[in-house]
1. Looking only at the stretch 186-210, filter to residues that are in contact with a Leu (Cβ under 8 Å, 6 or more places away or on another chain) and not in a helix (DSSP H, G or I); which one of those is surrounded by the most Cβ atoms within 10 Å (Cβ to Cβ)?
2. Name the residues in the stretch 171-185 that are farther than 20 Å from ALA257 by Cβ and either surrounded by 15 or more Cβ atoms within 10 Å (Cβ to Cβ) or not small (Gly, Ala, Ser) (or both), would you?
3. Take the conditions within 23 Å of ALA179 (Cα to Cα), touching a residue at least 40 places away in the same chain (Cβ under 8 Å) and surrounded by 14 or more Cβ atoms within 10 Å (Cβ to Cβ) and apply them to ARG129. Does it pass?
4. What is the number of the single condition among (1) closer than 25 Å to ALA218 by Cβ; (2) in contact with a strand residue (DSSP E or B) (Cβ under 6 Å, 6 or more places away or on another chain); (3) modelled with pLDDT of 95 or more that LEU127 does not meet?
5. Look through the stretch 97-115, keep the residues that are touching a residue at least 12 places away in the same chain (Cβ under 8 Å) and touching a Gly at 6+ places or on another chain (Cβ under 8 Å), and return whichever of them is surrounded by the most Cβ atoms within 10 Å (Cβ to Cβ).
6. For the stretch 54-100, enumerate the residues that are hydroxyl-bearing (Ser, Thr, Tyr), modelled with pLDDT of 95 or more and under 18 Å from the mean Cα position of the chain (by Cα).
7. Can you find a residue that is surrounded by fewer than 19 Cβ atoms within 10 Å (Cβ to Cβ) and outside any strand (DSSP E or B) anywhere in the stretch 60-69?
8. Assuming ALA280 fulfils every condition listed in (1) closer than 21 Å to ARG207 by Cβ; (2) of a type in the set (A, V, I, L, M, F, W, C); (3) not in a helix (DSSP H, G or I) apart from one, which condition is it?
Amino acid sequence: MTSETITADAAGTWTLGDLTVNRMGFGAMRLTGSAAFHLGTPSDRKRSVAVLHRAVELGVNHIDTAAFYFSSLRSANEIINSALSPYADDLVIVTKVGPYRNYAGEWGTSARPEDLRGHVEENLRQLGRDHLDVVNLRRMGQDSIAEHFGALADLRKEGLIRHLGISNVAPRHLAEAQAIAPVVCVQNRFGLGSGNPGTDEMVRICREQGIAFVPFYAIAGEGAEQGATAGHDEAVLAIAQVHGATPAQVRLAWTLAQGPHVLAIPGTGNPDHLTENIAAGALRLTEDELDSLNSLHQQAD
């Protein structure tokens with residue numbers, strides 16, 4: 001498939017509250033280096049800025065980031081601010097709070113509810129914003145998210161946050177959060193062959209309730225934050241060959257085919273990979289191809 005002329009609107013749109021975004025977005029984690037966080041070689045800053053410029057040129061208006069996305073020399077939020085500020089009116093920047101890293105890059109314990117104001121304010125400062133469009137609470141293993149989500153709901157009432165989402169959660173956590181404030185998105189790990197029946201259920205629940213489901217590591221497979229998987233099933237390779245596409249594009253197309261409420265936020269620091277990822281929004285798999293990939297996915301569950 002020809003990638004150069006395909007833009008992010010090819011996959012259609014969805015809403016995060018009152019904010020309309022193209023379903024093909026961009027994840028900022030890998031802007032900071034060759035691997036996530038403090039691992040690997042720090043990124044070439046000019047190339048990371050160029051990737052963001054190109055993403056916006058190709059119609060991306062949904063960027064996923066976090067203050068804890070930083071390496072020894074790079075901060076994803078700072079790069080976004082430098083590259084894209086002043087921000088376009090239709091650009092939606094989604095961030096997340098919950099995990100904690102100190103300035104040396106070491107992971108600490110999960111943030112306490114009273115810590116979240118500082119985390120939100122740090123994202124505001126780094127991004128140069130007076131409010132955050134969407135903030136996801138990333139659950140860090142706690143049984144209940146009520147106190148943490150309640151703290152963010154208070155910040156929403158103050159006008160620091162426009163909309164709220166949750167991440168790394170089960171259906172019971174969604175219900176718990178909804179009893180406190182509206183939830184516009186759920187962000188869980190999900191991808192072809194992810195092997196997590198609970199997440200399949202969450203995709204269904206979000207579809208029934210009209211909530212955006214935003215998978216992370218959709219094309220990374222078991223590689224997770226290390227990057228896209230190099231291991232592909234024969235069915236994926238065969239379908240990619242038929243369409244003149246890459247296996248990663250097939251994985252993204254399958255993810256988007258799970259419902260109009262499913263958004264994609266593939267991340268990359270490579271301009272060529274960016275173009276390929278966005279072009280996957282125009283890849284339409286046949287019913288037979290979807291059946292084949294669905295069977296592959298169910299085998300992993």
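The values are calculated or read from the model by the stated rules, or taken from the named source; none is laboratory data. Computed from a prediction, not measured in an experiment: that's the story for all the values here. All Cβ positions, even for glycine, are placed from backbone atoms using ideal geometry, and neighbour counts span all protein chains on display.
1. VAL186
2. PRO171, ARG172, HIS173, LEU174, GLU176, ALA177, GLN178, ILE180, ALA181, PRO182, VAL183, VAL184, listed by residue number.
3. Details: within 23 Å of ALA179 (Cα to Cα): no; touching a residue at least 40 places away in the same chain (Cβ under 8 Å): yes; surrounded by 14 or more Cβ atoms within 10 Å (Cβ to Cβ): yes.
Judged against the criteria, ARG129 is not a match.
4. (2)
5. ALA111
6. Of everything in the stretch 54-100, those that are hydroxyl-bearing (Ser, Thr, Tyr), modelled with pLDDT of 95 or more and under 18 Å from the mean Cα position of the chain (by Cα) turn out to be THR65, THR95.
7. At the first step, the residues of the stretch 60-69 found to be surrounded by fewer than 19 Cβ atoms within 10 Å (Cβ to Cβ) are none.
Within the stretch 60-69, not a single residue is surrounded by fewer than 19 Cβ atoms within 10 Å (Cβ to Cβ) and outside any strand (DSSP E or B).
8. (3)
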